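The values are calculated or read from the model by the stated rules, or taken from the named source; none is laboratory data. Only a predicted model underlies this, so the values are computations on that prediction, with no experimental measurement involved. Positions of Cβ are generated from backbone atoms using ideal geometry, with glycine treated the same way; all protein chains shown enter the neighbour counts. Remember, those area values only see protein heavy atoms, side chains included, never the ligands or the DNA or RNA. Shrake-Rupley method; radii C 1.70, N 1.55, O 1.52, S 1.80 Å.
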Number of protein chains: 2
Amino acid sequence: MLRNSVKSLLHLRNYHTVLKRKAFKELTNNDINNFRKIIGDNYVKEKDIDSYNEDWMKWYKGKSKCVLLPKCMEEISEIVKYCYKENIAIVPQSGNTGLVGGSIPMFDETILSLRRLRNNFTFDQTSGIVECDAGFILEEINDKLKEHGYMMPIDLGAKGSCFIGGNVATCAGGIRLIKFGNIHANILGLDAVIGDKSGSILRMGSSLRKDNTDLHLTHLFVGSEGQLGIIGNVKILAVPYPNGISTALLSVNTFDECKKVLQLAKTQLGENLTSFEFLDSDTLHCVSEFSKIPIPFNKIPQFALVIECASSEKDTSSKKMENFLSMCYDKNLVDDGIMTNGFNEGRGIWNIREGAPLSVTKEGYVYKYDMSLPIDYFYELNNTMKKYLNDDKEKLGILRICSYGHLGDGNVHFNIISKHSTYDIYNRVHPYIYKWIVDHKGSISAEHGIGQLKQKYMSIGKDSTQMSISRSIKNLFDPKGILNPYKFVN
Amino acid sequence: MLRNSVKSLLHLRNYHTVLKRKAFKELTNNDINNFRKIIGDNYVKEKDIDSYNEDWMKWYKGKSKCVLLPKCMEEISEIVKYCYKENIAIVPQSGNTGLVGGSIPMFDETILSLRRLRNNFTFDQTSGIVECDAGFILEEINDKLKEHGYMMPIDLGAKGSCFIGGNVATCAGGIRLIKFGNIHANILGLDAVIGDKSGSILRMGSSLRKDNTDLHLTHLFVGSEGQLGIIGNVKILAVPYPNGISTALLSVNTFDECKKVLQLAKTQLGENLTSFEFLDSDTLHCVSEFSKIPIPFNKIPQFALVIECASSEKDTSSKKMENFLSMCYDKNLVDDGIMTNGFNEGRGIWNIREGAPLSVTKEGYVYKYDMSLPIDYFYELNNTMKKYLNDDKEKLGILRICSYGHLGDGNVHFNIISKHSTYDIYNRVHPYIYKWIVDHKGSISAEHGIGQLKQKYMSIGKDSTQMSISRSIKNLFDPKGILNPYKFVN
């Protein structure tokens, strides 16, 4: 659905790719037949597989000839064992909601979709621990947990389509990370099929909050982007569903004041602070102008902050938010603000923040960056890039440069919007922007991962011994390199 | 200080040990001189090193001839490089507060103490991120953070002596894990010297909350018990210091009611629940009888629960705790209870819980076990072992079997107290108890680790492929196996 409304950078598709195909076997009819024997005729797809070969932003396109849809770990194990023997490359694919091409083949790798891996689901009410197969959709898990007064600790825009397996494999972030931490904070164990000769199923960690009986291999799979194995089942700690929730939208004049509001929110809202989000005026302009989402202020502010506060007891969140907002006004930190109580009541505010990613794609072609920066440099990136690109602005057709993101986590989504879909912008921006980020102690990939998009930049500022250790670990789990080749640590 | 009051199991010291020394080099005068060149004469100790060769419980004793006290990562790197070349085994030692002999040499390994690694300490008030060297004491870090309105997310009995480096290397748990998660939830990066030819310094992760630019090697070091490298510097997210705190001690008649109180605490106290601790009547008897710590009930209850609730706003914790206790009474879940508000006011209650580990050592010789279990089996272990040992009770001199621990995390500290210090008890109990734990989906090591103590049992219930992957990872970081040999994944 989203697909048609996004201005695609189709022509740039090959910009990031490694051009030489490795010597993996090309699929034969015999291979297809063997796959059919493992998982059944209906679950080896050769037709109508465009939606698997392409990401939702239409930035990446693979040429896979075959999609496999196994239903259990044992079937995945058999597939991997066969592919190991035959030297067939595999791309594990979860909900296919990524933004770095991590689950799209580079060439003709066989796609292993987790779409049918959704048989086992258990929830323990006393411990709050969910055990479920990797193919469950994040929102679906939330719906199941809600009956028991619980919810998942992660929440992101793609929640209606992304699978929990992919969330773990990419260490997905999102809007509640400031409160509940990232996947590492909540994952307790996982099962994965690794790329060895036997397609071994490793069952790591346990449904226990404390388990120190081995190296913590579970955590090595978090953010491993399908390089070490195919995650089939996860054990995650859910969190209690709040009874009170309050949301505020604040208009702030300077970035320095945004920082001060953040400091105040941390100490004043404390354990109840669940989100601290940021949008600059250019982003707000896009949201208002191109998506027609109302911004409830007289004029578009320099900066807007979306702050959410939740509590197990109904009234605590509203009381705390009111006190906090009073303090913000008393200290002259905010220009204007609105506040709502209740889940549905907060939707209007969240629509502004959640509308940002799509809104910035509507004016032209958008070059998106996902980065972490120490708070002091969070918005300096925007000013720096505006200066850096100023002389070529006309030539490159740059319409707008804007930032939004998770200020509370230091995670900025930085966007360059241009009239043109051209390599020139990439050539001008790279590797300058990545170097600047690393020089300022930031990360060139905050929550979107490396995938295809940033593969050739991931070593910037990294020590060669560390890089070689990562590759050796990859080699241990996947000796022939058949899992998700050409990307990340490959 | 503790040392003299603990009935030691000195005679059992060799029970768990591997008897054959590996072919590491024995230290020569030339080696000592070379160490002196690296770190200076004063910091190579050959005399008065008993306190390094022995743990505080006097359960383990090494025969190291030399303790090295480097002051920075570069010195550690030079030491490791030298030891690699000369094939000298090293035991990294942090605060030496462990309970499984992980930081005590098995034979004559050279001890590398982190005691002087305490030069760098920074705290960023906006992000709440601490960066500090591994040799800082946990309590000391807390004191520094308190000035800024923050505290560390972990808290354990040994806080006055344990170092943050050791906390990370052992994935220390403690009494606040139910609220803030374990080390994985809060660690962002660390620097470590690995055991390769160059003594390479790896700088993993970053002072950022989101960083997906490599495999998450930081997390592989959490709980690695000195097998992969020597952790020299850590980056950890601190948490705001609460303004309100309430503590309750509840007397409960059945374990089933304890479980119900836990469920209620999770939903009612929600984000404010910071501890949920458990003591059975035998433990309470020891606390009262042998440590003379007052138990404020008419008689020793069957079970006691210590529940803590904290909030950023002063009154929230007390209000929520009061409501929660009313509900417990209304549902007839508790027999009696007391509640206090304020940090100091809660000391009396905490003394009971914190007095447990020492109190159970005062009646006889204590055989301690640290395990995780699904809540349903948490106390069944106690009943099972009482039955199992019943016939031999007299012969084995068993005085008491008792459990206490972190019920909220499913972590039980199980103790057998005997008149005798004898192998017979171990021979009767092992491996029965470990097998029972694994059969009931528990973990034979919750928060104390494997070290020397459980090395030969760690493979129970584990897949051989996983074990071999752990060993291969160890081999990658430490090809000659010079780091902390004979223990854990070695």
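Structure values in brief
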| read-out | value |
| --- | --- |
| Identity of the residue in the range A:204-222, of a type in the set (Ser, Thr, Tyr), at the interface with another protein chain (Cβ under 8 Å from one of its Cβ atoms) and without any contact (Cβ under 8 Å) to a residue 40 or more places away in the chain, that ends up surrounded by the fewest Cβ atoms within 10 Å (Cβ to Cβ) | A:SER206 |
| Complete set of residues in the range B:410-426 that are open to solvent by less than 10 Å² (accessible area, probe 1.4 Å) and either out of contact with any strand residue (DSSP E or B) (no Cβ under 7 Å at 6 or more places or on another chain) or over 30 Å from B:LYS266 (Cβ atoms) (or both) | B:ILE416, B:ILE417, B:SER418, B:ILE425 |
| Answer residue from the range B:250-265, given it is open to solvent by 10 Å² or more (accessible area, probe 1.4 Å) and touching a residue at least 60 places away in the same chain (Cβ under 8 Å) and is farthest from B:SER359 (Cα to Cα) among those | B:LEU264 |
| Residue check for A:HIS440: more than 30 Å from A:ASP108 (Cβ to Cβ), of a type outside the set (Val, Ile, Thr) and open to solvent by 50 Å² or more (accessible area, probe 1.4 Å) | no |
| Residue list for the range A:223-241, filter: facing another protein chain (nearest Cβ under 7 Å) and surrounded by fewer than 24 Cβ atoms within 10 Å (Cβ to Cβ) | A:PRO240 |
| Close pairs (6 angstrom Cβ cut-off, 6 or more residues apart or separate chains): under 16 Å from B:LYS441 (Cα atoms) and within 13 Å of another protein chain (Cβ to nearest Cβ) in the range A:120-139, among the β-branched types (Val, Ile, Thr) and open to solvent by 50 Å² or more (accessible area, probe 1.4 Å) anywhere | A:GLU131/A:THR122 |
| Residue that is most open to solvent (accessible area, probe 1.4 Å), among those in the range B:313-342 that are β-branched (Val, Ile, Thr) and outside any helix (DSSP H, G or I) | B:ILE338 |
| Spans of helices (runs of 4 or more DSSP H) in the range A:1-112 with at least 2 residues at pLDDT below 95 and open to solvent by 20 Å² or more (accessible area, probe 1.4 Å) | A:2-5 |
| Residue in the range A:466-488 that is open to solvent by less than 20 Å² (accessible area, probe 1.4 Å), in a loop (DSSP other than H, G, I, E, B), at the interface with chain B (Cβ under 9 Å from one of its Cβ atoms) and touching a residue at least 40 places away in the same chain (Cβ under 8 Å) present | yes |
| Leading residue by the ranking (farthest from the other protein chains (Cβ to nearest Cβ)) among those in the range B:370-400 that are open to solvent by less than 10 Å² (accessible area, probe 1.4 Å) and more than 23 Å from B:LYS260 (Cα to Cα) | B:GLY397 |
| Some residue of the range B:267-280 being over 28 Å from A:PHE324 (Cβ atoms), open to solvent by 30 Å² or more (accessible area, probe 1.4 Å) and either without any contact (Cβ under 8 Å) to a residue 40 or more places away in the chain or touching a His at 6+ places or on another chain (Cβ under 7 Å) (or both) | no |
| Every residue from the range B:298-312 that is within 20 Å of B:PHE255 (Cα to Cα), open to solvent by less than 30 Å² (accessible area, probe 1.4 Å), out of contact with any Cys (no Cβ under 9 Å at 6 or more places or on another chain) and not aliphatic (A, V, I, L, M) | B:PRO301, B:GLU308 |
| Output for the range A:450-490, where each listed residue is touching a Ser or Thr at 6+ places or on another chain (Cβ under 6 Å) and either modelled with pLDDT of 95 or more or over 26 Å from B:SER472 (Cα atoms) (or both) | A:LYS454, A:LEU476 |
| The lone exception for B:ASP155 - which of (1) modelled with pLDDT of 95 or more; (2) open to solvent by less than 20 Å² (accessible area, probe 1.4 Å) it fails | (1) |
| Scope the range B:134-152; condition within 12 Å of B:ARG118 (Cβ to Cβ) and open to solvent by 30 Å² or more (accessible area, probe 1.4 Å); matching residues | B:ILE137, B:GLU140, B:LYS144 |
